[in-house]
Each structure stands twice: as C-alpha cells, then as structure tokens.
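Worksheet: one structure, shown below.
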Amino acid sequence: MVSVGQHMANLRWKDGLGKDSKRAEQRAAQLTAIDPDWNCEWPLDWQRRYRALANLVEADGGLPEIPPGVLMDGDDMGKWLRQQKQPATWARLLPEQQEQLSTPGVKPLEAPSPAPAPGVRRKGVPSKAQHAFQQGLTALTQWVERKGERPVPRGHAEEIAVDDETEPVPVKLGVWVSNTKSRRDKLDQEQLDALRELGVEWA
C-alpha cells in the first residue's frame, strides 16, 4: 500500500522533487502530464472539491443539478458549488479557477440589488445600514469560504476588497455577526435569506 496523498504532499514541499534541478524538472513534467494542477496556486481543498465536481460532470455527461446536502468524500458539493457562484466568491477566484468552473457550465450569480434597509435614503442610494450589511455579508462570505461554518471569533476582522479603494478594507466581522444577530428582527427577508445561504443558523 502506498500513501499517495502523503507522497503528493511531500512532493509539493520545497525541494520535494529533489535538489537536482534537472531531475526535479523531469519529475515536475511527469506530474504535470498526469494532472496540470498537481501543485496549483490555490488551496488544495478547493481543487479537491473541483475534481469531485468534474467527476460528477463526466459521469453525468453534463453539469447535473447538485442541491445542498449532496456529499462526496464527506464534502457537501451542493453547498460548495452554491458558494462558488456567489458574486463575491467568484470575484476572488483566480482566472484559472474561474475557467475550470466555466468549462462544465458553472456561472456566477448576478449580484443582487441592495436590499432595503431601515432609515431614510434617497432613491437608488444605499443607506449606511444597508452598505454596512453588504460589507459584513461580503466579509462573512470570505470567512465561510476559507473556514467553513466555524463561529467567527468576536475580535476577528476580515479584510475585503471594496470598489474605488486601492487597499483592502477591514471589517470587524465578529462584532458585525453579533450585532446583526441581536438586530435580526429588523432584517428583511432578502437579508435573512443571504445569511441562511451562508449557514447562519439563527437566520
């Protein structure tokens, strides 16, 4: 028996292919011939789930309907696929990842129009509360993509990309989750649905 997973992990380490550069080149070429993404730039967990999706597509002859709850090797493929389609998640994927998902027909969802929020605002201009909710939702989407549905520590801040900002903007995600929970009776249906999509139980 050969522990292939551990062997591949060792190969990905620095000098894992050997310190002889010529031999390492040959070995890299052999591995690339088997799988061009054997040492991808993105997280291996993502690549593992994508390969499971690709296997489903190959077996079905096309992209099947995969609702949340469909498990493959312990991963909820429906939930993972739904997360990839979220505009904020899709925007963070590398072009190669987007291309892989696009090949079987996966497309990002259209960004929802901002949900109404309490407070006076001019027509077509998001209120401060609505803007803050959208930023918090984007930060939570990033957290779920990276950490799954693990609770967000109270003091955790998540950096997100914001239009017209050259640097990432920190969002106090732990505080936002706590405040949003305490004010959940003021959220509208669309906001609650967005939170449920991310696995927030109290929503």
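Each reported figure results from applying straightforward, stated rules to the coordinates on display, with no laboratory input. Given the structure is predicted, the values throughout are model-derived calculations rather than measurements. So basically every Cβ, Gly included, is an ideal-geometry build from the backbone, and we count neighbours across all protein chains shown.
Which order do peptides 3-11, 175-183 fall in by mean Cβ count within 10 Å, highest first? Please report the intermediate quantities before stating the final value.
On the way: 3-11: 11.1, 175-183: 15.4.
Highest-to-lowest ranking by the protection proxy: 175-183, 3-11.
Just from the alpha-carbon atoms, what are the Rg and Dmax of the chain in angstroms?
20.5, 68
Please state, to two decimals, what the Cα-based radius of gyration of the stretch 10-121 comes to when divided by 2.2 N^0.38 Å (N = residues). Could you put the intermediate results ahead of the total?
On the way: Rg = 18.6 Å, N = 112, 2.2 N^0.38 = 13.2 Å.
The value comes to 1.41.
When N is the residue count of the stretch 44-102, what does its C-alpha Rg come to as a fraction of 2.2 N^0.38 Å?
On the way: Rg = 11.0 Å, N = 59, 2.2 N^0.38 = 10.4 Å.
Output field value: 1.06.
Determine which aspartates and glutamates satisfy two conditions relative to residue 172: a Cα distance under 14 Å, and not lying fewer than 8 residues away in the same chain.
In chain and number order, the partners are 158, 159.
Can you give the Kirkwood hydrodynamic radius for the stretch 129-203, in Å, rounded to one decimal and based on Cα pairs? All intermediate terms of the calculation are to be shown ahead of the outcome.
Details: mean 1/r = 0.0794 Å⁻¹.
Computed over the stretch 129-203, the radius equals 12.6 Å.
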